[in-house]
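Working notes, beginning with the structure itself.
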Amino acid sequence: MAYSNDEFGRDMGAIRSSQASSAASLKTIEFTNAASAVANTFTMFNTARAARSAAEQVALQQEQLALQQEQHALQQAMAEQTARHEFSMWRQTPEGAAFVDWQQRAIVLIPMLRHRERSWRAAWSQAIGRARAEVPADEQRRVALQPARLRQTALKVLSIIAFALAVLPLLGLGMAAISSSFDDGRQQQYEACLRNVSEILTRAECEAIKPGNPFVGPIVWLVILIGLGVLCTVLRVLRRRSARTDRRLAEESSARAAHWGFDPLHTQGAWYDWHESDAFRGYTDRVEHMVRNGATTRPMPSQLIQLGVPVPRQPGDHLPVEVNDFLDAVQRENAALTD
């Protein structure tokens, strides 16, 4: 079929219009892609700039922290230098010279007193160990078991468990009270059966439908558990009282104290100082504290602790050999210092 000129012209116009529309669409797609690419570029730029900004902030914070630490160290060094300078100036005064002289003598005294304190404790430790080894094994065993006899932990635990388990039968009684309301019908059937035993049913058949008592089991267990808890509690009280009033332990302890001058099974160390005067109790600690802090507190000569060597206790027959040997040695040392 042949096209007319008008039809051909209309077709060509439609084709050109379609091509123009396609070209416009392509331009739009290209523009959109280009705009998206630009937006992505800006986003990447902003992200990179934010990352660089965060890294710069971290670096700045670290730099500020390092600067603060350096400033603190510098200030501390300056303070120490100032303190040393001020102390060096103060030590040239009469008060400072008196402290320096006192400090030098105290530095010699402190180790000697510390050594005597350690030797005193060691002498008692040796004496206690030697005496303890001579105590019969049965006495040692009775003393070792005494804390357990006083605690009676097993009976305490059993009583707690028994009283705790008694809650279960109580719950059982509650359940039995609920279930008993449903057994009224069976009870009526049982009673009717008994009335007709001779006529229709046998007694064995009636017993087969007899409802049980739901309270018996819980009550029995409740009585057993509470009884067990009370029994354990009473036994614990009696055994603890017996342990506290055990005359055998007291008599053996008195015998040991009379033999050695102390009870080696109860004594853990020296219970008094090696010197006679109570004024020297804690004396070494006070002197050492002033030695360490005098440069900053700068005490006046009247505030300085008077330096001296405590007078030791006198040896005695009631003291162990090791303790008497220590006291004799201290007396000889003091005599040598005063010569």
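In the condition set (1) of a type outside the set (F, W, Y); (2) surrounded by fewer than 18 Cβ atoms within 10 Å (Cβ to Cβ); (3) at pLDDT 90 or above; (4) in contact with a helix residue (DSSP H, G or I) (Cβ under 7 Å, 6 or more places away or on another chain), G269 is compliant with all but (3).
Evaluate segment 276-296: report whether one residue or more is more than 40 Å from the chain's Cα centre (by Cα), crowded, with 17+ Cβ neighbours inside 10 Å and of a type in the set (A, V, I, L, M, F, W, C). No, because not a single residue in segment 276-296 is more than 40 Å from the chain's Cα centre (by Cα), crowded, with 17+ Cβ neighbours inside 10 Å and of a type in the set (A, V, I, L, M, F, W, C).
Of the candidates V291, V309, V323, the single residue that is assigned by TED's automatic domain parsing to the domain that holds L113, under 30 Å from Q140 (Cβ atoms) and not small (G, A, S) is V323. Can you find, within segment 62-120, the residue that is nearest to the chain's Cα centre (by Cα) among those that are among the charged types (D, E, K, R), part of a helix (DSSP H, G or I) and closer than 12 Å to R298 by Cα? Restricting to residues being among the charged types (D, E, K, R), part of a helix (DSSP H, G or I) and closer than 12 Å to R298 by Cα, the top hit is E86. Listed by first and then second residue, the pairs with beta-carbon distance under 9 Å, at least 6 apart or on different chains, first residue in segment 132-149 and outside any loop (DSSP other than H, G, I, E, B) and modelled with pLDDT of 95 or more, second acidic (D, E) and surrounded by 10 or more Cβ atoms within 10 Å (Cβ to Cβ), form an empty list. Whether a residue is under 27 Å from A162 (Cα atoms) and either modelled with pLDDT of 85 or more or surrounded by fewer than 18 Cβ atoms within 10 Å (Cβ to Cβ) (or both) was assessed, and S254 does not pass this test. When each of R114, R121, R84 is tested for being under 25 Å from D263 (Cβ atoms) and not assigned by TED's automatic domain parsing to the domain that holds W260, the lone residue that passes is R121. Of the listed requirements (1) more than 28 Å from H85 (Cα to Cα); (2) free of Cβ contacts under 8 Å to residues at least 40 places away in the same chain, Q306 misses just one: (1).
Per the listing A154, A162, the residue uniquely at negative phi, part of a helix (DSSP H, G or I), touching a residue at least 40 places away in the same chain (Cβ under 8 Å) and assigned by TED's automatic domain parsing to the domain that holds R248 is A162. Scanning segment 155-172 for residues that are in contact with a Leu (Cβ under 7 Å, 6 or more places away or on another chain) and farther than 18 Å from V237 by Cβ yields L165, A166, P169, L170. A single member of E251, E322 is out of contact with any Gly (no Cβ under 6 Å at 6 or more places or on another chain) and touching a residue at least 12 places away in the same chain (Cβ under 8 Å), and it is E322. For G261, the requirement of being more than 20 Å from R105 (Cα to Cα), touching a residue at least 40 places away in the same chain (Cβ under 8 Å) and either of a type in the set (S, T, N, Q) or exposed (fewer than 13 other Cβ atoms within 10 Å of the Cβ) (or both) is not met.
The values are calculated or read from the model by the stated rules, or taken from the named source; none is laboratory data. In this text the structure is predicted, and so the values were computed from the model without any measurement. Please note: Cβ atoms are built from the backbone with ideal geometry, for glycine as well, and neighbour counts cover all protein chains shown.
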